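The next block holds one structure in the form of structure tokens; read it before the comments.
Quick note: the coordinates plus some simple rules give every number you see, no bench work behind them. Quick caveat, the model's predicted, so the values are computed rather than measured. Please note: Cβ atoms are built from the backbone with ideal geometry, for glycine as well, and neighbour counts cover all protein chains shown.
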Amino acid sequence: LFSFSHAAFQVLGHYIRRQQDPETFISEIKYIASDPDDKYFFNVTDEAALNDIVDALGDRIFTLEGTLGYNQSSFHMEMSQIGFSTHKLDVGPFICDWPSVVALRVSPMSSSALQDGILFGMVGAYDWDGGVLKEGIYGRIAPSREAFESEFPLELKNHAAYLGYTVSSVIVGDWKRLYVAGAPRFKHKGKVILFELSDDGDVNIAQALNGEQIGSYYGSEVCGLDVDQDGITDLLLVAAPMYLGSGNKEAGRVYIYSFTGEEVFVPNGTLKSEERSQDARFGYALAAAPDLNHDGFTDLVVGAPLEDEHRGAIYVYHGDGIYVNPNYKQRIPGSSLSPSLRYFGRSVSTQLDLDGDQLIDLAVGAHGSAVLLRSNPGLLLLHLSSRSIVQINVSLSFQPHSINVIQKTCQRGGRESSCLNATACFTTVSRSPGPQSTSFDLWVSATLDDRKLSARALFDDSSHRQTQLALQVHTGRTVCHRLPFHVYDTADYIRPISFSLKFKINDTESGPVLDEGWPTTIKKSIQFFKDCGEDDVCTTDLVLQAHMDVTGSRQKPYVIRSPRRRLAVEVQLQNRLENAYNTSLTLHYSKNLHFSSLSIREDANFKMECTALGANSHSCNVSYPVFRSQSKVNFMLEFEFSCTSLHSRVQMKLHAASDSVEREETLMDNSVQLQSFVQYEPDLFVSSDSNLKRYEVHPTRTVSEAIGPEFHTHLRLQNLGCYSVSHLELRLRLPSVAAEDARFMTLTDVFSYNVSEAAPPARLAPFRWFLRSLSTGPQATGVNCSVQSDLAQLKARQGDVRTLHPEDMMQNDVLVSPRLAQRPMTTAAFSTFEKRRPFGQNCSRSWCTEVVCEVQQLLKGQAVVVRVSRRVHDDFFRKAKYKSVRIIGAYRLAAQETNLITLGKETVWRETVLEVLKGRAIPISLWILIGSVIGGLLLLSLIIFILWKVCLSSFQKNPPHTHRNKRLI
């Protein structure tokens, strides 16, 4: 209890200077001052006298929180608020609350290593920097402020860290106790320290945990959990209830720290409230529950008083091993208990057992009220009586043990059948302490062949595949019930018949509840009798053989080319011993293959069906349901090569298996691995066409007509395959310059465009550039062309060329025979051809302009057209002596070959030919010229005479009106 005195200072300087009456002011000041006036009322005539009065009263002036200044003394323990938080120092499976009502396994050394007492938090001590105080068997121990200086520097002493806002303790290795204290306002982010405290007040800080968000109040609640209840703390939980979540709402968060065994706690996840934007203050209260679901692990309860518009809620988390399941088991909103509850979950206590049934009851604080929740194991409900937890063990047996469809044992529905009995036994065990109910009702449902469309077995009592019954079971006893059923004739006698049993406890207010996570379904299978000898064990020996029709090595890979893009695998499977049931062949193949079909070669009695297991695997059943002894089947598997996945190897693994037993020494021949190296030859089509195949040079043209008209050669490159091809090169060699650097052909224009098969030519989008000074301009998209026409560079690159002089062309008027011009030439053949022809306008007898077009990528079905425009120099051929000459250009498609792509025959040279003819001047006779002139003059005279006659006739029919002309005059 604190008392405060009011000192009043009356400064009359203002009134004296203005000669005003101060009596009213003096009476008001005296009213404010504490009694007596002579001690607390000061009459000052001048403001300067205040300094002397403050010095005199310095020992009676204390600072309030955050206001320490000059000439003011601070609080030490005067405002410490001892008991703001407390923690009882005892041994328990959970550390953040009072002792558990359940027994604890304590180490023999715990009585000497651990001491009882109470740890107090002093949040207001040392100017609200905070502190702790321990009251124990050795008296009172209160560490000084300097004892925590390593984590709470003295220069921050006026920042009000609130150390001791919450206190607790943990038990670490060798049964050593570490005290825990929270300081939620340290640097506005919060801090939690774990420390040792000696009897003389010395502090050894073992670890410090820091908050991560300003204003989150990290450390306002702490809780140590001994989840497995072995006496050693497994988890330390630190709450930050004002942690801002989405939408800047105070969602709250609880940090989990796990004990590492080295007396250090490390971060190991967080707990959060429901994923929605709302104020929750999750973690405002933390409480360890001894064992709500009786699984032997300590549980956790977390309060969130601001959820649901300040109605509040609590969350229940179950322990698991040495950790807490991060998914809450139950959320109990305050609105479900009473619509008038506010701030439900602001405090939680799990140390109550009001009815003495040894089941934990939960007390939850709310605004102006407290709510008691009594424990319903595995659940928290507001009810009047507690319920225990039970476990039900079920056993299922059959008599006889297998189904013999050959020997019928009974008649059902007028049909011969095989009859069996299923016996289900239920043993009930209670997990809860204290007295338990002796009996309760159990609802049971049994099903035969639950996954089959048509029933192979039926229950006798219902003539259906499902039956239901109610049993009364007793805690600690075993109850058995017999379920007779029968099996009809069926073709599917290999797959066993399944028998499923489901059960649940009839929900009553007083009865027990089933242990959380305990299985409520049991399923067994009844096998059919097999023809496998006296031991009833089918021992088989499967032998698998397979080979591909594609073989290729790394040095000489198999080339995949159109139109054959398929792969066939011949397979033989043989069973050398007893019957093999549910025989299957599993295929795993590389991504560059697609499974196409399966066909049986010989015996049609064998049936095989394949189903996909994944993108590159299939499973095929072989002669289902039984692959009989000494049987053999030959079949072929067909695959198609993928158009999207190209790989340098084809790989395949085949494995045969069955449900029968096979000895380990015979398993080696159950699997086959196949492999072949491959290359892909793209299906490319290259063609050329020219709008001028023959050109006649007229010798009578003028000098200004030295160059002939422009003509075009189109080269079309089309991808007819199913996959794209990259980095193609189209190279052209066009004869241009003869002897004495005389140019007879000029490259004028290059025009390229992409074309698809679906687009008409009129809608093509061209990409064009013109040659200026025989060089290319901007490149087209996807096609980059370069031209080399500089004569000096051509001479350097093309080597020894015996150029042809115009006067020598008469010796060979036809330079290429039709036979050679029509067939494609390889590089070697083209070179041989050039050497064999001593004369002619090709790249052995003239300098050739070179055009190189790089195609970056050619997609499936896409085509690229390159148009080359040229002009013939007539003046060159007018000087030449020849009758006809062929100008032979060449083009070739190449690619950057890799271990995947090869062009093969596409790399040959092909020709483009222009035949130039020599025109003849025809002489005209002089008499023909004279006759033509005279005939023209006579024709002109005749036309004039006819026109004159027509005009004269028209004038005579319409004479002029003389009298009218007179009047006009």
Does the stretch 82-381 classify as rounded, prolate or oblate by the C-alpha gyration tensor (a ≥ b ≥ c root eigenvalues; a/c under 1.5 gives rounded; else a/b over b/c gives prolate, otherwise oblate)? oblate
Under the rule of at least 5 residues apart or a separate chain, name every residue whose amide H is placed under 5 Å from the amide H of Met122. Gly131, Val132, Leu133
Around Val324, with a cut-off of 10 angstrom between Cβ atoms, what is the net charge of the other residues, counting Lys and Arg +1 and Asp and Glu -1? -3
Please report the orientation-averaged projected area of the stretch 236-285, defined via the convex hull of its C-alpha atoms, in nm². 3.4
Whole-Hz ³J(HN,Hα) for each residue in the stretch 191-208, computed from phi via Karplus 6.51 cos²θ - 1.76 cosθ + 1.60 with θ = phi - 60°, x for glycine and proline: what do you get? 8, 10, 10, 10, 9, 9, 10, 7, 5, 9, x, 6, 10, 10, 7, 7, 7, 10
Can you list the residues, at least 5 places off or on another chain, whose amide H is less than 5 Å from the amide H of Arg342, using H built in the peptide plane? His367
What are the ³J(HN,Hα) values, in whole Hz, obtained from phi via the Karplus relation 6.51 cos²θ - 1.76 cosθ + 1.60 with θ = phi - 60°, for each residue of the stretch 532-547 in sequence order, with x given for Gly and Pro? 10, x, 5, 7, 6, 10, 7, 9, 10, 9, 8, 10, 10, 10, 7, 8
Gap separating the Cα centres of the stretch 223-278 and the stretch 716-732, nearest whole Å: 63
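Name the GluC sites (Glu not before Pro) in the stretch 151-246 that are in a loop by DSSP and that have at most 12 other C-beta atoms within 10 Å, would you?
Glu212
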Once amide H atoms are placed 1.01 Å from N in the peptide plane, what residues at a sequence separation of 5 or more from Ala161, or on another chain, have their amide H within under 5 Å of its amide H? Asp129
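Report, in listed order, any pair from Lys329/Lys502; Lys134/Lys189; Lys502/Lys524; Lys693/Lys883; Lys879/Lys918 with a Cα-Cα distance greater than 21 Å.
Lys329/Lys502; Lys134/Lys189
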Mind checking which of Ser216, Gly231, Leu194 is farthest towards the positive end of the stretch 167-251's charge dipole, using Cβ charges of +1 (Lys, Arg) and -1 (Asp, Glu) about the Cα centre? Ser216
Size of the dipole of the stretch 161-295 about the Cα centre, Lys and Arg at +1 and Asp and Glu at -1 on the beta carbon, nothing else charged, in debye to 20? 900
Summed over the other residues with a beta carbon less than 15 angstrom from that of Pro339, with K and R at +1 and D and E at -1, the charge totals -1
Using Cβ counts within 10 Å as a stand-in for footprinting exposure, how do Arg253, Arg281, Arg797 rank, fewest first? Arg797, Arg253, Arg281
For the stretch 562-571, Karplus couplings with θ = phi - 60° (6.51, -1.76, 1.60), whole Hz, Gly/Pro x: 6, x, 8, 10, 10, 10, 10, 10, 8, 10
Please rank Met122, Met548, fewest neighbouring Cβ atoms within 10 Å first, as an exposure proxy. Met548, Met122
Net charge, Glu250 excluded, C-beta distance under 12 Å - Lys, Arg +1, Asp, Glu -1: +1
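Give me the number: length gained by fully extending Leu939 to His188, i.e. 0.36 nm times residue separation minus the C-alpha to C-alpha distance, one decimal in nm.
Full extension from Leu939 to His188 adds 258.3 nm.
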Looking at this model, which pairs from Lys187/Lys249; Lys523/Lys632; Lys523/Lys653; Lys795/Lys881 are more than 30 angstrom apart at the alpha-carbon? Lys523/Lys632; Lys523/Lys653
